[in-house]
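Student: Have a look at this one before I ask anything.
The values are calculated or read from the model by the stated rules, or taken from the named source; none is laboratory data. Computed from a prediction, not measured in an experiment: that's the story for all the values here. Here Cβ is always computed from backbone atoms with ideal geometry, including for glycine, and neighbour counts include all displayed protein chains.
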Ligand code: PMP
């Protein structure tokens with residue numbers, strides 16, 4: 001351990017939190033696993049694994065339909081999960097919480113339903129240079145279909161959005177600003193409340209991709225003032241295949257259905273079909289009941305922690321990482337946003353990120369290497385990709401040391 005480690009390390013018991021995550025207690029390639037790919041997906045605590053297991057063992061049934069005890073129990077747990085999620089993001093109502101497969105489906109739902117109904121020829125959609133493909137491609141397709149224009153907010157040298165340019169792009173033809181709450185590639189935390197105020201001033205709606213923010217910061221959709229907020233369970237200790245789209249009731253009410261079939265109908269007849277009330281209008285087919293219950297268990301797990309201390313711990317890990325990177329040398333950090341998720345995106349001069357990622361894996365260190373589904377950002381930065389170490393609440397300073405011991409070897413092999 002080096003003397004440079006910040007004092008905060010004693011204030012958050014990452015070792016105890018670690019004990020909640022069974023998967024971390026394993027060796028990979030003969031070494032203790034160091035899991036630093038949390039921005040791709042986080043690991044799951046026993047509380048989540050048990051909630052899903054318990055659901056299938058004790059109350060599995062289809063929801064909202066059958067008049068039997070198990071179905072009642074499943075429905076109750078499913079709707080209680082929705083209320084837990086509504087509370088988690090300070091939604092004014094549980095009906096504004098729509099279960100989706102994840103962030104990607106949430107954004108596609110808004111693009112297909114709200115977008116086709118509200119964006120026309122000559123209108124403008126604004127995205128940013130930092131966006132994940134999930135918050136670019138649906139808007140690109142929509143713009144093509146509707147004859148609208150897609151505009152891009154550039155970034156500054158430190159990897160922050162240039163809000164002055166955003167201001168110049170905003171006019172009455174802008175119908176939507178789609179922005180990430182935090183960047184998965186650089187970590188940048190965007191000033192969403194300010195962006196919402198700027199967008200609303202010209203009458204534009206704001207969709208927030210919250211995939212990378214929800215695991216770290218408390219999300220309050222009312223305080224943000226946004227119109228839509230999408231996030232995935234699997235990045236915040238919950239199961240894959242489930243997430244939430246939150247939307248303002250008046251917008252959701254006015255939107256046409258996205259997918260159609262069972263559950264989303266009020267009455268079906270060959271002379272015409274009427275649709276169910278919120279949130280069911282957007283939940284066609286049997287939902288991911290176990291996933292919703294697992295996502296609620298993840299929220300409860302998060303709420304059982306001191307979240308401010310958890311965030312401080314993650315920030316201290318990043319701070320320590322930056323010190324170690326400076327000490328090691330030959331490491332170029334990509335982006336240096338003032339406010340950021342605990343993501344360290346970097347390259348080793350002269351080495352391809354994929355080679356660095358493979359060599360780290362051989363030493364038991366799991367990172368992500370590549371374009372991180374942010375190819376327009378990589379193109380803008382003139383790099384093929386980055387190596388990304390992304391931290392979570394269960395990571396430790398010892399793991400940062402292991403990362404840098406491994407990087408030292410990588411340097412020796414590649415340079
Ligand atoms: N947006 C961001 C910023 C992300 O990091 C991701 C996941 N990498 C997504 C959207 C897509 O999330 P999902 O795959 O869970 O739909």
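Student: Which of the residues belonging to region 31-54 are more than 16 Å from the ligand (Cβ to nearest atom) and part of a loop (DSSP other than H, G, I, E, B)?
Tutor: 33, 45
Student: Which condition number in (1) farther than 15 Å from residue 233 by Cα; (2) surrounded by fewer than 20 Cβ atoms within 10 Å (Cβ to Cβ); (3) within 16 Å of the ligand (Cβ to nearest atom) is the one that residue 101 fails?
Tutor: Result: residue 101 passes all but (1).
Student: Is there a residue being more than 27 Å from residue 287 (Cα to Cα) and either buried (at least 23 other Cβ atoms within 10 Å of the Cβ) or at pLDDT below 95 (or both) anywhere in region 129-147?
Tutor: There is at least one residue in region 129-147 that is more than 27 Å from residue 287 (Cα to Cα) and either buried (at least 23 other Cβ atoms within 10 Å of the Cβ) or at pLDDT below 95 (or both).
Student: Among the helices (runs of 4 or more DSSP H) lying completely within region 298-415, list those that include at least 1 residues that are more than 22 Å from residue 27 (Cβ to Cβ) and modelled with pLDDT of 95 or more. Step through it out loud before you land on a result.
Tutor: Values: elements: 307-328, 353-361, 375-381, 397-414.
Fully inside region 298-415 and qualifying: 307-328, 353-361, 375-381.
Student: Look through 73, 82, 57 and report the one residue that is part of a helix (DSSP H, G or I), assigned by TED's automatic domain parsing to the domain that holds residue 184 and in contact (Cβ under 8 Å) with a residue 40 or more places away in the chain.
Tutor: 82
Student: I would also like to ask the following. Looking at 157, 185, 134, 204, can you tell me which residue is under 25 Å from residue 341 (Cα atoms) and more than 16 Å from the ligand (Cβ to nearest atom)?
Tutor: Being under 25 Å from residue 341 (Cα atoms) and more than 16 Å from the ligand (Cβ to nearest atom) holds for just one of 157, 185, 134, 204, which is 157.
Student: Now, a different point. Whether any residue in region 225-244 is more than 30 Å from residue 37 (Cβ to Cβ) and surrounded by fewer than 16 Cβ atoms within 10 Å (Cβ to Cβ) is what I want to check.
Tutor: no
Student: Let me ask something else about it. Residue pairs, Cβ under 6 Å, 6 or more apart or interchain, first in region 132-157 and in the same structural domain as residue 179 (by TED's automatic domain parsing) and over 22 Å from residue 186 (Cβ atoms), second assigned to a helix (DSSP H, G or I) and within 16 Å of the ligand (Cβ to nearest atom). List them.
Tutor: Hits for this filter: 142/111.
Student: Could you list all residues from region 225-253 that are closer than 20 Å to residue 203 by Cα and either within 13 Å of the ligand (Cβ to nearest atom) or free of Cβ contacts under 8 Å to residues at least 40 places away in the same chain (or both)?
Tutor: Pass one, region 225-253, residues closer than 20 Å to residue 203 by Cα: 225-229, 246-253.
Listed by number, the residues that qualify are 225, 226, 227, 229, 250, 253.
Student: On to the next question. Kindly establish whether residue 90 is over 19 Å from residue 236 (Cβ atoms) and at pLDDT 95 or above.
Tutor: No: the conditions fail for residue 90.
Student: Inside region 239-265, can you point out the residues that are in contact with a helix residue (DSSP H, G or I) (Cβ under 8 Å, 6 or more places away or on another chain) and assigned to a helix (DSSP H, G or I)?
Tutor: Correct list: 249, 251, 252, 254.
Student: Same structure again: Mind counting the residues in region 115-159 that are farther than 18 Å from residue 385 by Cα, in contact with a strand residue (DSSP E or B) (Cβ under 8 Å, 6 or more places away or on another chain) and assigned to a helix (DSSP H, G or I)?
Tutor: Number satisfying all stated conditions: 7.
Student: Within region 89-96, is there a residue that is part of a helix (DSSP H, G or I), within 16 Å of the ligand (Cβ to nearest atom) and not assigned by TED's automatic domain parsing to the domain that holds residue 385?
Tutor: There is no residue in region 89-96 that is part of a helix (DSSP H, G or I), within 16 Å of the ligand (Cβ to nearest atom) and not assigned by TED's automatic domain parsing to the domain that holds residue 385.
Student: Do you know which residues across region 32-54 are free of Cβ contacts under 8 Å to residues at least 40 places away in the same chain and more than 25 Å from residue 367 (Cα to Cα)?
Tutor: Hits for region 32-54 are 53, 54.
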